[in-house]
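Rule-based calculations on the coordinates, nothing more; no lab input. Worth saying up front: this structure is predicted, and the values here are computed from it rather than measured. Reconstructed Cβ throughout: ideal geometry from the backbone, glycine too, with neighbour counts over all protein chains shown.
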Amino acid sequence: MTTLDLSQRLPALLAGRPRRSLASSPYRPSAVLVPFVAGAEGWSVLLTQRATDLAHGGQIAFPGGAIDPQDQDAVQAALRETEEELGLSPTALQVWGLFDDFGPTSSGFYTTPVVAQAPAGYPFRPNPAEVSAIVTVPLAWLRCPANQYIEVRHRPPLPPLIYIWQYGPHKIWGLTSRILKSLLDLLPTA
């Protein structure tokens, strides 16, 4: 998929389908930013490695967190959290739309993914209290079935199938992989 294709097709796909919302659920709302970056080698997904002192420390995740009372909506929360974690200005992002809500998480949240395009070559300033590394994973690598494996776990109310990618030293799993797998399934294969 070319740079132009994804930046036009994914926003159209998000806008042209009913979105699953968990807003009326008993879980606390949160939002993450799913940032795609266009580069010379194609599209990549930008992820963070959480600082080791945090809950779920060391895990690979999208930037994001709880929706605070001062946030107008999930988009504002995801943009605020991304700026706090990565120093990425909201004005540098092009929001493509909202994806289905996911939840519950093991910590009692439901999460709204905000899909956006981040600029290539941005001078990130990761907050060391929240982020220990920025991990950029090529979309083509994520889409290759040989790079993914599945584990079965029985921890209701979480789904029993866990999709996992091992990208170098980075294990992408949990909510992050659920969101990625669902987004990849939405994208056409050609």
- How large is the charge dipole for region 3-142, taken about the Cα centre, if only the Cβ atoms of Lys, Arg (+1) and Asp, Glu (-1) carry charge, to the nearest 20 debye? 320 debye
- Furthest towards positive pole of dipole, P138, S21, T105, structure part region 3-142, Cβ charges: S21
- Task: With viscosity set to 1.567 mPa s and temperature to 4 °C, compute the Stokes-Einstein D of region 61-190, Rh being the Kirkwood radius across alpha carbon pairs; µm²/s, no decimals.
- Result: 81 µm²/s
- For region 3-142, state the average projected area of the convex hull of the C-alpha atoms over all orientations, rounded to one decimal in nm². 8.7 nm²
- Note on the structure: For the chain, whose charge dipole is built from +1 on Lys and Arg Cβ atoms and -1 on Asp and Glu Cβ atoms, the candidate among L184, P63, T91 with its Cα farthest towards the positive end is L184
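For the chain, what is the relative contact order in percent, using Cα pairs closer than 8 Å and at least 6 residues apart in sequence?
24 percent
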- Note on the structure: Expressed in nanometres to one decimal, the distance between label points 7 Å along Cα→Cβ at I134 and A15 is 2.8 nm
- Note on the structure: Filtering trypsin sites (Lys or Arg not before Pro) in region 121-190 by DSSP loop and by at most 14 other Cβ atoms within 10 Å leaves R153
- Most exposed first by the Cβ proxy, i.e. fewest other Cβ within 10 Å, how do L187, L86 rank? L187, L86
